[in-house]
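Take a look at the structure set out below.
The values are calculated or read from the model by the stated rules, or taken from the named source; none is laboratory data. Bear in mind the structure is a predicted one, so any value in this text is a computation, not a measurement. Glycine gets a Cβ as well: all are built from the backbone with ideal geometry, and neighbour counts include every protein chain shown. Heavy atoms of the whole protein, side chains included, go into the accessibility calculation; ligands, DNA and RNA do not. Shrake-Rupley method; radii C 1.70, N 1.55, O 1.52, S 1.80 Å.
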Amino acid sequence: LETIGISGIPYVHSFGVTDDYIVLMLYPLTIPFDKLVNGRGFLPQLKWDESAGSKLVVWDMRLGPSRAPSTWKAPSCWAYHVINAYNEGGIITIDLNAYTSPEIATGDHGFAYLPNMQGDADVRAKQEREGGYLRLQVNDFGDPTPTRKAKAQWLDMVDAGCRDWTFELARINEGRSGKRHRFAYGFTGFAHQQPEGEPNTFGPGGAVVK
């Protein structure tokens, strides 16, 4: 990790694979091993450093394991899950079910924490909102500049009623894994519509977002 400018051990839950590339996002959320023996649990003690930014790392599997990966800077973000990655026309795309902070994992009201889910309505209402859809793209493999940046775009997740949606546990048609896909599907616990202009609130049950 030090050879590609990473200090500490980033917390990573999933990665992307295409026919030719392994695509890994390294987020500024690190594992402080010295604190993991104090009995306080794993996720709440992860360390977030927004100023450090993220890094996108790509291994070209055609060149063999000895070849160093290519790296790009990316915005500070965090994701449990990679939605998909694919290479098309020389451009590598990695789609993330992403967040601008890791509170969904590290906060007191993180995703599906059982004590919160089993609590009263006031406790459940504090559930952190699920993630959005972040697309990163790179194609400048010939550029040795260490400060090069990945193109980043948050994609809209808006329905016909102009309501914003979020999701988690995102999946695609498995037959399109590593290839361009048309749809992504995920779970939301915020399917309970509120009056116009107000955000959805967390409630029992949930819905699938396409």
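Brief remarks on what is shown
- Qualifying positions in region 125-142 - outside any loop (DSSP other than H, G, I, E, B) and either over 18 Å from residue 201 (Cα atoms) or over 23 Å from the mean Cα position of the chain (by Cα) (or both): 133, 134, 135, 136, 137, 138
- Which listed residue, of 81, 109, is in contact with a strand residue (DSSP E or B) (Cβ under 8 Å, 6 or more places away or on another chain) and on the phi < 0 side of the Ramachandran plot: 81
- Residue check, residue 40 in a loop (DSSP other than H, G, I, E, B) and in contact with a strand residue (DSSP E or B) (Cβ under 7 Å, 6 or more places away or on another chain): no
- All of 98, 112 fail the test of being at pLDDT below 95 and within 23 Å of the chain's Cα centre (by Cα), apart from 112.
- Residue within region 53-73 that is acidic (Asp, Glu), within 20 Å of residue 132 (Cα to Cα) and either out of contact with any Leu (no Cβ under 8 Å at 6 or more places or on another chain) or open to solvent by less than 60 Å² (accessible area, probe 1.4 Å) (or both) present: no
- Top-ranked residue in region 143-156 [being under 17 Å from residue 58 (Cα atoms) and not in a strand (DSSP E or B); ranked as modelled with the highest pLDDT]: 150
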